[in-house]
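K.L.:
Before I ask anything, let me first share the structure, which is written out below as structure tokens.
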Number of protein chains: 6
Amino acid sequence: MRSVLAVGAHPDDIELGCGGTLAAHRCAGDTVTMLVLTGGQNGPGSCAERRREQERAARVLDAVLIWGRLVDCALAPDAATVTVVENALRSVAADIVYVHAPEDSHQDHRAAATATLAAARHRNRILYYRSPSTTEFNPTMYVDISAHLDRKVEAIACHRTQVAASAMVDPEVVAASARHFGAQARTRYAEAFVPARFVWDLSATHADAPAGSTALVGTLPAW
Amino acid sequence: MRSVLAVGAHPDDIELGCGGTLAAHRCAGDTVTMLVLTGGQNGPGSCAERRREQERAARVLDAVLIWGRLVDCALAPDAATVTVVENALRSVAADIVYVHAPEDSHQDHRAAATATLAAARHRNRILYYRSPSTTEFNPTMYVDISAHLDRKVEAIACHRTQVAASAMVDPEVVAASARHFGAQARTRYAEAFVPARFVWDLSATHADAPAGSTALVGTLPAW
Amino acid sequence: MRSVLAVGAHPDDIELGCGGTLAAHRCAGDTVTMLVLTGGQNGPGSCAERRREQERAARVLDAVLIWGRLVDCALAPDAATVTVVENALRSVAADIVYVHAPEDSHQDHRAAATATLAAARHRNRILYYRSPSTTEFNPTMYVDISAHLDRKVEAIACHRTQVAASAMVDPEVVAASARHFGAQARTRYAEAFVPARFVWDLSATHADAPAGSTALVGTLPAW
Amino acid sequence: MRSVLAVGAHPDDIELGCGGTLAAHRCAGDTVTMLVLTGGQNGPGSCAERRREQERAARVLDAVLIWGRLVDCALAPDAATVTVVENALRSVAADIVYVHAPEDSHQDHRAAATATLAAARHRNRILYYRSPSTTEFNPTMYVDISAHLDRKVEAIACHRTQVAASAMVDPEVVAASARHFGAQARTRYAEAFVPARFVWDLSATHADAPAGSTALVGTLPAW
Amino acid sequence: MRSVLAVGAHPDDIELGCGGTLAAHRCAGDTVTMLVLTGGQNGPGSCAERRREQERAARVLDAVLIWGRLVDCALAPDAATVTVVENALRSVAADIVYVHAPEDSHQDHRAAATATLAAARHRNRILYYRSPSTTEFNPTMYVDISAHLDRKVEAIACHRTQVAASAMVDPEVVAASARHFGAQARTRYAEAFVPARFVWDLSATHADAPAGSTALVGTLPAW
Amino acid sequence: MRSVLAVGAHPDDIELGCGGTLAAHRCAGDTVTMLVLTGGQNGPGSCAERRREQERAARVLDAVLIWGRLVDCALAPDAATVTVVENALRSVAADIVYVHAPEDSHQDHRAAATATLAAARHRNRILYYRSPSTTEFNPTMYVDISAHLDRKVEAIACHRTQVAASAMVDPEVVAASARHFGAQARTRYAEAFVPARFVWDLSATHADAPAGSTALVGTLPAW
């Protein structure tokens, strides 16, 4: 059982970036924690509304929710933000970290990415997710979310103030991008990631595999 | 249990690039097949010697060995080479493919990389490994080979003609690079990879995890 | 009135990559020529079928069709291919050239891209389009095809042998990708391009604009 | 008629980066607004001198001038700067935005680039121009300024305090770079750009083109 | 005789990044100055200890040591930091500048890199060195430190508080990375660099070469 | 005294790419050899004319000239081309190699670059130069050719058939680009390079420097 931490600058960022993957993690028995760094004070929507929306979305994803209590549009990649992420990483003993990709036109997203990379400097699994404001993004890692797209859309729908008023939050685009990346991943629906650093744990995967299973050794005739 | 195919242009390329990872796959119960595209005719070493060395190395790694029967220093990324790799992929029903990184000063390595990428166009796990002649390489994926470095070095040592005569095959450098990439991966010894396309299979990992395990839901007080 | 040349390696490549943009060009009064370099001999579908499908698709896009008469899966970026593209460029006096992006897992697509870049070395508008097999693609130019998506899908549907049998040709993915790139372009549906070299012709745009239109000059009070 | 906004950190930045292109826009009947974010307080030259120089240069380019009233060498990519650019974008209803390329050794230039990208997050035509302090710049878009180089040089010459004292402002280099990029663009003199996001408006170009112009349809004999 | 300035954010950064190269410079008769921007207040180790360690390390490298007197974990790429580096550059009349590579997970390292690039905007030899926290690094320049590795390790060993307590400072990794980069450089041990801007001074190299030495001119028979 | 080998695909390529640098090498007492791989059979100009032009240009640069005897527009990055370059490297015992940058729209230029990189796999100083057909080029190394520009232009002028008939060979552009790159290098005229691999030889530079020259050691008061 792995411990997953997803970091986002504002309410709804995490769901948009990796909501389906978090659902897949829960499905695989992993614990999932969402760290939302700011309250989304700049709106649309009041702080109280956005807090309730984010709580509902976390419930949909069956995830623990932690608030970073920093300020929307004033997030800096400084020691204070690094400390907030470090505390979260430590308190959940995170094995895997998801965060905004660093090339983004929103300054808070860039700050979240760099602060998280600093906080997770000793961790070995950090994946960047995409936001609607991400500018450069060449994904090479994917998670198949064909079984979890509905859950992702449901979690996003919790953020009613955003769906109603932000051009950046459009469920139609969410599905289209998932299909687009799904085709790239040679599956149906996928979320796409750029690994910042990813140590693939082969051994953990097959604890139950027969230890002595022997492959054929020698030279096969070529077809 | 996964089926792994590693593709290399010449005898010893696969061991240098991902020998430790192949050992880790075997250890995890996966089957491993090595496809060596050419006989290494250009030497150092005779074709017969190199064939025997490669067979010994495959035995050390407990892997199936297939020869591509193409010609050293004349490997082309054409339909013939693509077909050889397609046949191997199909015959072992490969889940995971390892091959040379495409930016390499050796023309055969580049050809192996592009032909394999074409052959594996419908597969969803293809990882590029590094060779001593690789020119540009920004790894973001790693496999911890701390428990398998000895096996890797042993497999490379089988290629006596190369260890003796090629400046590119130096066991001391093999260990140094594994430690260098290990530090990057925040572990001890590692092999480094660039994913061409990697779909991370979360669900397969925890077939034995309790299906209904429930995380705490709600807002935690921040530390 | 501009003259547009679109180059593709196989029947259906051009429609997938820039079919909506070609429809937009026709709509703007430009002439459009499609140069299909090979007959798609490797199938699925017979050569005769694919020729008829391509002719139908060209008719849907109201475009001139030229065949390069080269061989599927054996396209090389050599002098012969360069000459075929040079002849087409000259015969239509192309102002704008569309071709495959060079980073692609299909060898024919790479060859088409590099041969076209060589043939068009003195031209000043060359745009790379994306294929399902494109591997790395960071688009920064877009054409809004919201009014032309249906036409694009209709042109692709002409390639029945491909829609039926190739995993790479899926109308659902075509629409999803157009929406995905549309969101990136801050419009509804878009095709995405990477410019190889694009000289933006400002003066041609407003031949009918009043020559002496005068802007306010001076220092405005800042808000 | 399009509305163009050019953003620069200091007096003279815009002229150096895209002065010829702004002249071409005016020539095509577009309105042009220059937003100079700081007063260039750090010199050389006094604030009053630099203000007068900038006003003269705006007059040479027949452009509206707006001052951002921020502080030289203290420009931050924060909410305040973003707001200044947002206000300018809104007040001129900008269709096209020009700004510094983000890879630059001057902190103010980087801040201007990132703040503008944030402010223009919903716009679909943003082009990065080059400064003498730009560090990495791979232009793929160009505007032919052969008819406007003199105007550009004249506008730069207005900044006498800079031409006299700054190693970064040298009319000889301005002409040389325009010729260098002109050769890259396959024209005589050019300014070079990297598109951040550029939606090419095909339909607007030929409002006067004959609506029903019909291209030949069918298969041409190949040359 | 050249004047070399190496800039680092914290005590030990310079030794880790380019300590062997600085030793090689001293060996070649160049003067070497180390500018350590902060006191390493965040530890491990007290400020006083770290100051003594850094002084000892500078003595091992036979280098002048300057303190920037800025604050650990609060380094900003602002005008104040730029001024500190400018003063150092001027006071030693630096011909060559070494500094952190800008892609680094530590905010102080990024700040040191960008402030130094700004301060050295008129200099023509600036090389980026690697730190354990550097994230993306494609070196193409190297200095052979085979004769200086011991000196480098000795200088690093002076930083006892770091060697004892920081996972980032491990002499074994230092040697492994030097061997790894040595193999890339086709030598034994090397430090690796990315040039920000490097003007190679050919003429200075051979003041003692015979002025009129004449090469054979004409067409040689090919081998 | 160093031995320099410059490799070009056609007559005039080397002069355009690094003619000033070769003159600087001669001036510093180095031997310079030019390896022209093909006879430029495709013209403009006859083979005999181009041979004479190249011989004259080599004489202007006081360089040895070797012909590769391969065929224009049919250069392949195969074993034959690699062998031609290997023979030249060996026969002149090259310390430094100059060759086309690999991203180029001309297939022969790409082939020359990759074949040379393969041939020079054990060498430690390989620099890529720019051609008019180079497509992507981010130079970070420069050689000051302010004292050698006239010589470069004179060498290019020897290629009369090219200056007269090829849009790619224009002395005005040669000077403009040298000034453009000179400004980037913070000097007057420069040629620009991308290092493929460059080991900077510090020790060779100052054989005559006083061995025991001692720098001040200790902590300087900060300004």
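K.L.:
What pairs come out if I take residues in region D:50-67 that are within 10 Å of another protein chain (Cβ to nearest Cβ) and under 9 Å from D:T33 (Cα atoms) and pair them with residues that are in a strand (DSSP E or B) and of a type in the set (S, T, N, Q) whose C-beta lies under 7 Å away, six or more apart or interchain?
P.N.:
Going by the 7 Å Cβ cut-off, the qualifying pairs are D:A63/D:T33; D:V64/D:T33; D:L65/C:T219; D:I66/D:T33.
K.L.:
I'd like the full set of residues that are at the interface with another protein chain (Cβ under 7 Å from one of its Cβ atoms), part of a loop (DSSP other than H, G, I, E, B) and hydrophobic (A, V, I, L, M, F, W, C), limited to region B:71-82.
P.N.:
Answer for region B:71-82, where residues must be at the interface with another protein chain (Cβ under 7 Å from one of its Cβ atoms), part of a loop (DSSP other than H, G, I, E, B) and hydrophobic (A, V, I, L, M, F, W, C): B:C73, B:A74.
K.L.:
For region E:21-42, which positions are surrounded by 24 or more Cβ atoms within 10 Å (Cβ to Cβ) and either in a strand (DSSP E or B) or within 16 Å of the chain's Cα centre (by Cα) (or both)?
P.N.:
Step one: of region E:21-42, the residues surrounded by 24 or more Cβ atoms within 10 Å (Cβ to Cβ) are E:21-25, E:32, E:34-38, E:40.
Passing the criteria: E:T21, E:L22, E:A23, E:A24, E:H25, E:V32, E:M34, E:L35, E:V36, E:L37, E:T38.
K.L.:
Among the residues of region D:160-193, which ones are away from chain F (no Cβ under 12 Å) and within 15 Å of D:C18 (Cα to Cα)?
P.N.:
Scanning region D:160-193 gives D:E191, D:F193.
K.L.:
Restricting the first residue to region F:76-89 and requiring it to be more than 12 Å from F:L117 (Cβ to Cβ), which pairs with a second residue that is modelled with pLDDT under 95 and of a type in the set (F, W, Y) meet a Cβ separation below 6 Å and a spacing of at least six or different chains?
P.N.:
F:N87/E:W223
K.L.:
Residue by residue through region C:101-117, note down the ones that are in contact with a Pro (Cβ under 8 Å, 6 or more places away or on another chain) and farther than 17 Å from F:S105 by Cβ.
P.N.:
The one that is in contact with a Pro (Cβ under 8 Å, 6 or more places away or on another chain) and farther than 17 Å from F:S105 by Cβ: C:Q107.
K.L.:
What residue, among those in region D:137-146 that are away from chain F (no Cβ under 11 Å) and of a type in the set (S, T, Y), is surrounded by the most Cβ atoms within 10 Å (Cβ to Cβ)?
P.N.:
Our first condition is that a residue be away from chain F (no Cβ under 11 Å); within region D:137-146, this holds for D:141-146.
Filter once more, keeping what is of a type in the set (S, T, Y): D:142, D:146.
Values: D:Y142: 25, D:S146: 14.
Going through the qualifying residues, I end up with D:Y142.
K.L.:
Residue check, B:A112 against (1) modelled with pLDDT under 95; (2) more than 13 Å from chain A (Cβ to nearest Cβ), all met but one. Which one?
P.N.:
The failed condition is (1).
K.L.:
Still on this model: Scanning for something closer than 22 Å to A:T134 by Cα and surrounded by fewer than 18 Cβ atoms within 10 Å (Cβ to Cβ), does region D:115-125 turn up at least one residue?
P.N.:
Let us first name the residues in region D:115-125 that are closer than 22 Å to A:T134 by Cα, namely D:115-125.
From the residues that got through so far, the ones that are surrounded by fewer than 18 Cβ atoms within 10 Å (Cβ to Cβ) too are D:122.
Within region D:115-125 (the criterion being closer than 22 Å to A:T134 by Cα and surrounded by fewer than 18 Cβ atoms within 10 Å (Cβ to Cβ)), the answer is yes, since at least one residue qualifies.
K.L.:
Among the residues of region B:157-211 satisfying the criterion of being in contact with a Cys (Cβ under 9 Å, 6 or more places away or on another chain) and at pLDDT 95 or above, which is surrounded by the most Cβ atoms within 10 Å (Cβ to Cβ)?
P.N.:
B:E191
K.L.:
Now for a different question. Against the definition (of a type outside the set (A, V, I, L, M, F, W, C), within 7 Å of another protein chain (Cβ to nearest Cβ) and free of Cβ contacts under 8 Å to residues at least 60 places away in the same chain), how does B:H122 come out, yes or no?
P.N.:
Values: of a type outside the set (A, V, I, L, M, F, W, C): yes; within 7 Å of another protein chain (Cβ to nearest Cβ): yes; free of Cβ contacts under 8 Å to residues at least 60 places away in the same chain: yes.
So B:H122 passes the test.
K.L.:
Of B:I14, B:I96, which residue is more than 13 Å from chain A (Cβ to nearest Cβ), within 22 Å of B:A196 (Cα to Cα) and crowded, with 19+ Cβ neighbours inside 10 Å?
P.N.:
Values: B:I96 fails: more than 13 Å from chain A (Cβ to nearest Cβ).
Unique residue meeting the criteria: B:I14.
K.L.:
Tell me, which helices (runs of 4 or more DSSP H) wholly within region A:83-167 include 3 or more residues that are over 23 Å from A:R52 (Cα atoms)? Talk me through it step by step, then tell me what you get.
P.N.:
Details: elements: A:107-119, A:149-157, A:160-165.
Fully inside region A:83-167 and qualifying: A:107-119.
K.L.:
Please name all residue pairs, on different chains or six or more residues apart, with Cβ atoms under 9 Å, provided the first residue is in region F:25-36 and is free of Cβ contacts under 8 Å to residues at least 40 places away in the same chain and more than 7 Å from chain E (Cβ to nearest Cβ) and the second residue is surrounded by 24 or more Cβ atoms within 10 Å (Cβ to Cβ) and among the polar types (S, T, N, Q).
P.N.:
Note: pairs meeting the criteria are F:M34/F:Q54; F:V36/F:Q54.
K.L.:
From the list C:L117, C:L127, C:L149, pick out the single residue that is more than 9 Å from every other protein chain (Cβ to nearest Cβ) and touching a residue at least 24 places away in the same chain (Cβ under 8 Å).
P.N.:
Only one candidate passes the filter, namely C:L149.
K.L.:
Of all residues in region C:88-124, count the ones that are touching an Asp or Glu at 6+ places or on another chain (Cβ under 6 Å) and among the charged types (D, E, K, R).
P.N.:
So the first thing to find is which residues in region C:88-124 are touching an Asp or Glu at 6+ places or on another chain (Cβ under 6 Å), and the list is C:103, C:110, C:119.
Retained after the next criterion (residues that are among the charged types (D, E, K, R)): C:103, C:110.
Summing the residues that are touching an Asp or Glu at 6+ places or on another chain (Cβ under 6 Å) and among the charged types (D, E, K, R) in region C:88-124 gives 2.
The values are calculated or read from the model by the stated rules, or taken from the named source; none is laboratory data. Note that the structure is predicted; figures quoted are calculated from it, not measured. Note that we place each Cβ from the backbone using ideal geometry, even for glycine, and neighbour counts take in every protein chain shown.
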